[in-house]
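Reviewing the structure listed below.
The values are calculated or read from the model by the stated rules, or taken from the named source; none is laboratory data. The shown structure was predicted, so the numbers you read here are calculated from the model rather than taken from an experiment. With ideal geometry, Cβ positions are generated from the backbone for all residues, glycine too; neighbour counts draw on all protein chains shown. The area values use the complete protein model at the heavy-atom level, side chains included, leaving out ligands, DNA and RNA. Shrake-Rupley method; radii C 1.70, N 1.55, O 1.52, S 1.80 Å.
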Amino acid sequence: MRRAAALLSLLLPSLAFAGAQRNEPIDPAVLATLSARIADQSPPYFNFKNPEDAHKWVYEMSDRLRKRIPDRKQRVELLKTVQYEATRASLDPQLVLGLIEVESGFRKYATSLAGARGYMQVMPFWTALLKRPRDNLYSLRLNLRYGCAILRYYLDLENGDYYRALGRYNGSLGQAEYPSAVRAAWQGRWRYAGATS
């Protein structure tokens, strides 16, 4: 019995309890744009107008992440990728950090019961839809690239309505719990008064 409990405790931290995004029909032109965003494999870099702003942001965000990701190099790599992919998709990096906290608890290998994977809990159907079936959704860069592109797509689809876009992202459209949790994390724990780009 103890062995079973110990094994279960090892498995549970990798589970995430995200909703199931729905594979809805997408206009071919929009699909082509999404595919191009995913295919761009530019290396991530800090995209700040002022290097001093980058240093301040990384220092503060890294300090907030320390308990969740003890390794400094991993924290900085995650933050660099979040900031790069978020700004590339015209998203607030703080929103993306809040979403990651709610979706996966900052666990790279988190897997939901619905099958969503990685930091941003991307559903595997996206790789097939974008004709990239070999993409590894546990890869930091790919996961954040997919997640940010998908969230941008849903925000555009919902005319900038964060509540509805987040509901679509999580597969819980029309339910307040998920969008409210992301907003609370975004505007609470991940709020940042300085420049984020």
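Key figures
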| read-out | value |
| --- | --- |
| Among the candidates L130, L142, residue that is farther than 15 Å from E24 by Cβ and not aromatic (F, W, Y) | L142 |
| Whichever residue in segment 24-39 is part of a loop (DSSP other than H, G, I, E, B) and free of Cβ contacts under 8 Å to residues at least 24 places away in the same chain and, among such residues, is most open to solvent (accessible area, probe 1.4 Å) | P25 |
| Residues (touching a residue at least 60 places away in the same chain (Cβ under 8 Å) and under 30 Å from E60 (Cβ atoms)) located in segment 163-183 | L166, Y169, N170, Y178, A181, V182, R183 |
| Restricting segment 41-67 to residues that are open to solvent by 100 Å² or more (accessible area, probe 1.4 Å) and of a type outside the set (F, W, Y), the residue that is modelled with the lowest pLDDT | Q41 |
| In segment 175-186, residue nearest to V82 (Cα to Cα) [restricted to those that are open to solvent by 10 Å² or more (accessible area, probe 1.4 Å) and in a helix (DSSP H, G or I)] | W186 |
